[in-house]
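**Q** Supplied in structure tokens, the structure appears directly below.
What follows is calculated from the coordinates using simple rules that are stated; it is not laboratory data. Please read these numbers as outputs of a predicted model, since none were measured by experiment. Cβ: placed from backbone, ideal geometry, glycine included. Neighbour counts: every protein chain shown.
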Amino acid sequence: MERQQWGNRGAFVLAAIGSAAGLGNIWRFPYIVYQNGGGAFLIPYFIAILTAGLPLLILEFSMGQKNQLGAPGAMASVKKKFGKIGWWTVLSAFIIVTYYAVIMGWSIVYLVDSFTGTWIDTGVQEYFYENVLQLSSGPGDLGGFSIPVLLGVILTWILIYFILRKGTESVGKVVWFTVLAPIGLLVVLIVRAVTLPGAMSGLNYFLQPDFSRLLDYHVWIDAYSQVFFTLSLGMGIMFAYASYQPKDSDITNNALITVLANTSISFMSGIAVFGTLGYMSVTQGVPISEVATSGIGLAFEVFPTAIKLLPGGPAVVTTIGVIFFLTLLTLGIDSAFSLVESNITAFVDKFKWDKRKVTLWVIVVLGIVSLLFTTKGGLYWLDIIDHYINNYGLVLGGILEAIVIGWYYYPEKLRSYVNSVSEYRIGKWWNTMIKYIVPIILTIFLIYNFIGDITKPYGDYALRYQWLGGWGMLIALLIVVTLLNKIGNRNIIEVTNTDQALEEN
Ligand code: PHE
């Protein structure tokens, strides 16, 4: 069967931007900038983009597009055993989306309850931990399902299924909405925020440069990890999306647009978040350091609390509440379905099964696994698994991709392919990044995390949970990866050989 293709270039670029722009832009980026020297953080951030983010994005786009295969097939085309690296990235995506979808589920619950006023009338903390999560005493106590979360998650999976059902055809349409809507919604949040008293002091905290922070290596580690995560690298996603591009499509330009759009969305989020936090700190008379936070706490506790303080009565609170949770949902959903698509593409490439059926089954299996996070102890597991998969899954994938291309495939070959199809040509610096800089920096990051985790187990969870949700989970992934790469690889090799034969002719 002929491979699907994007209907037009816009669809591909928007899908890539949609994957990149997600929860990380709104709940991680602003806080990381604030914490790491404000405006001064732009220096490490852009250096990280130039030395690691953009080079790897170009690598992933070009490997997917050139081979017309997702990550496992594209990596196996270099050498069969490297298919494992592709599977590792795909399975990391598998794990991540099982809980990313649950966070989407919470957002749906909040969205619905913006209309009923539930979180507006109750204390936000009480609402989040008691009404929504119904949080149990610890990871050992799953305590049955939280029904609101369960319903939200089921709805999320149904949504994702309908978006992915017709592959590039349906995704190509949906991304116009899921990329443009959050941008529009962020504009509304920004306008509301910056016209509030205290907003400017909030923005000052966000961006005021403190150059002395640049001497702290933690700042640099944060810059690299943020760039890596925000561009959805090391997950097989950009391979999969690019594999549906015609072989002669521009690469460099698309990568640049993706990076620029994603960075812009991050800054817009920063302004909306810190403008609002500034107002909150002024009205409550507490220092910004007490309200500034990141992650789940920002999205589901602090920001809703700030919204409740807005002037203008219940109608304003409801409206801004709806807008905020719609922003979370539309920003996040295209990241979520890109993670699913990474899996679908990999399985269809490998087993040549019908794509529609694979889509359904991948989502059913993901849905079942995600049930763990809809239990009352789900938040603990989410926290543990997220930590390990982020620090080891993605990063290891990125290192190995760069090493394989840098040392076994030769970056020069890929660079000349990229340059033969792209408007902007990339120079030899790209080879250096792929061969040396990316692997070295990411390895430092990996070792740093590893030392951190063995000297102080993450989040003070008992060792058995670190093993179950962390190390054990990673080892299990490794086993599955090896199995997947062993069985029936003939298809892929054949595809690549004809592919090379075609090129040689
Ligand atoms: N890039 C997305 C974000 O910043 C998250 C993501 C990471 C999505 C990895 C897919 C893969 O939120």
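**Q** Check Ser146: other-chain or 5+ apart residues with amide H under 5 Å from its amide H, H built from backbone geometry?
**A** Thr375, Lys376
**Q** Can you tell me the 0 to 90 degree angle between the C-alpha axis of helix 147-164 and the longest principal axis of the chain, rounded to 10?
**A** So the helix axis and the longest Cα principal axis differ by about 40 degrees.
**Q** Neighbour counts of other C-beta atoms within 10 Å: give me Arg192, Arg464, Arg213 arranged from fewest to most.
**A** With the sparsest Cβ surroundings first, the list reads Arg464, Arg213, Arg192.
**Q** While we're on this one: Would region 93-166 count as rounded, prolate or oblate if I go by the C-alpha gyration tensor, calling it rounded below 1.5 in a/c and otherwise prolate when a/b exceeds b/c, oblate otherwise?
**A** Verdict is oblate for region 93-166.
**Q** Which residue, chosen from Phe228, Gly377, Leu310, occupies the Cα position most advanced towards the positive end of the dipole of the chain, where the dipole is computed from +1 (Lys, Arg) and -1 (Asp, Glu) charges on Cβ about the Cα centre?
**A** Of the listed residues, the answer is Phe228.
**Q** Would you order Trp361, Trp220 from fewest to most other beta-carbon atoms within 10 Å of each residue's own beta-carbon?
**A** Trp361, Trp220
**Q** To continue, here is another question. Under the 0.36 nm per residue contour assumption, what length would be gained going from the current alpha-carbon distance of Lys80 and Asn419 to full extension?
**A** My answer for the length gained is 119.4 nm.
**Q** Another one. From the phi of every residue in region 330-335, what ³J(HN,Hα) in whole Hz does the Karplus formula 6.51 cos²θ - 1.76 cosθ + 1.60 yield, where θ is phi - 60° and glycine or proline is x?
**A** 6, 5, x, 5, 6, 5
**Q** Projecting each Cα onto the charge dipole of the chain (Lys/Arg +1, Asp/Glu -1 at the beta carbon, about the Cα centre), which of Ile251, Leu277, Tyr45 comes out farthest on the positive side?
**A** Result: Ile251, furthest along the dipole toward the positive end.
**Q** Also: Looking only at GluC sites (Glu not before Pro) in DSSP loops with at most 11 other Cβ atoms within 10 Å, what is the longest site-free stretch of the chain?
**A** By the stated rule (loop sites, at most 11 other Cβ atoms within 10 Å), 3-422.
**Q** Pop out the ³J(HN,Hα) list for region 60-71 in order, Karplus 6.51 cos²θ - 1.76 cosθ + 1.60 with θ = phi - 60°, rounded to Hz; leave Gly and Pro as x.
**A** 5, 4, 6, 5, x, 5, 5, 8, 6, 9, x, 4
**Q** Taking the dipole about the Cα centre of region 89-175, with the C-beta of Lys and Arg at +1 and of Asp and Glu at -1, give me whichever of Thr168, Tyr129, Ile95 is farthest to the positive side.
**A** Thr168
**Q** Hey, what angle do you get for helix 83-116 against the long axis of the chain, alpha-carbon based, 0 to 90 degrees rounded to 10?
**A** For 83-116 against the chain, the angle is about 30 degrees.
**Q** So who's got an amide H within less than 5 Å of the one on Gln5, skipping anything under 5 residues away but keeping other chains? H placed 1.01 Å off N, in plane.
**A** none
**Q** Counting each DSSP H run of 4 or more residues in the chain as -39500 (n - 2.57), what helix-only mean residue ellipticity at 222 nm follows after dividing by all residues, to the nearest 500 deg cm²/dmol?
**A** -21500 deg cm²/dmol
**Q** If you don't mind, another one. Rounded to the nearest 20 debye, what is the charge dipole size of the chain about its Cα centre when +1 sits on each Lys and Arg Cβ and -1 on each Asp and Glu Cβ?
**A** Here the size comes out at about 1220 debye.
**Q** Just rank Lys355, Lys166, fewest to most, by other beta-carbon atoms within 10 angstrom.
**A** Ordered from fewest to most neighbouring Cβ atoms within 10 Å, Lys355, Lys166 come out as Lys166, Lys355.
**Q** Shape of the chain from its Cα gyration tensor (a ≥ b ≥ c, root eigenvalues): rounded if a/c is under 1.5, otherwise prolate when a/b > b/c, or oblate?
**A** Prolate, because a/c is 1.5 or more and a/b exceeds b/c.
**Q** Straight-line reach from Lys350: which lysines have Cα under 23 Å away, leaving out those fewer than 8 places along the same chain?
**A** Here the lysines satisfying the reach criterion relative to Lys350 are Lys66, Lys79, Lys80, Lys81, Lys84, Lys166, Lys247, Lys486.
**Q** Apply the Karplus curve 6.51 cos²θ - 1.76 cosθ + 1.60, θ = phi - 60°, to the phi angles in region 201-213 and return the couplings in whole Hz, x for Gly and Pro.
**A** 5, x, 5, 4, 4, 5, 10, 4, x, 10, 5, 5, 5
**Q** Let me ask you something else. Could you pull out the chymotrypsin sites (Phe, Trp or Tyr not before Pro) across region 390-492 that fall in loop regions by DSSP (anything but H, G, I, E, B) with no more than 15 other Cβ atoms inside 10 Å?
**A** Within region 390-492, the qualifying chymotrypsin sites (Phe, Trp or Tyr not before Pro) (loop, at most 15 other Cβ atoms within 10 Å) are Tyr424.
**Q** Pop the C-beta distance of Glu2 and Ile47 into the FRET formula with R0 = 51 Å and round what comes out to the nearest 0.05.
**A** Between Glu2 and Ile47 the formula returns 0.75.
**Q** Hey, with R₀ at 30 Å, roughly what FRET efficiency would Lys352 and Phe162 work out to, going by the Cβ-Cβ distance, to 0.05?
**A** Given R0 = 30 Å and the Cβ-Cβ separation, E is 0.80.
**Q** Treating only the Cβ atoms of Lys and Arg (+1) and Asp and Glu (-1) as charged, compute the dipole magnitude of region 57-154 about its Cα centre; round to the nearest 20 debye.
**A** Taking the Cα centre of region 57-154 as origin, the dipole is about 1100 debye.
**Q** Helix 490-504: angle to the longest alpha-carbon principal axis of the chain, degrees 0 to 90, nearest 10?
**A** With both axes taken from Cα atoms, the answer is about 70 degrees.
**Q** Turning to a different aspect of this structure: Apply the a/c threshold of 1.5 to the C-alpha gyration tensor of region 56-136 and tell me whether it is rounded, prolate or oblate.
**A** prolate
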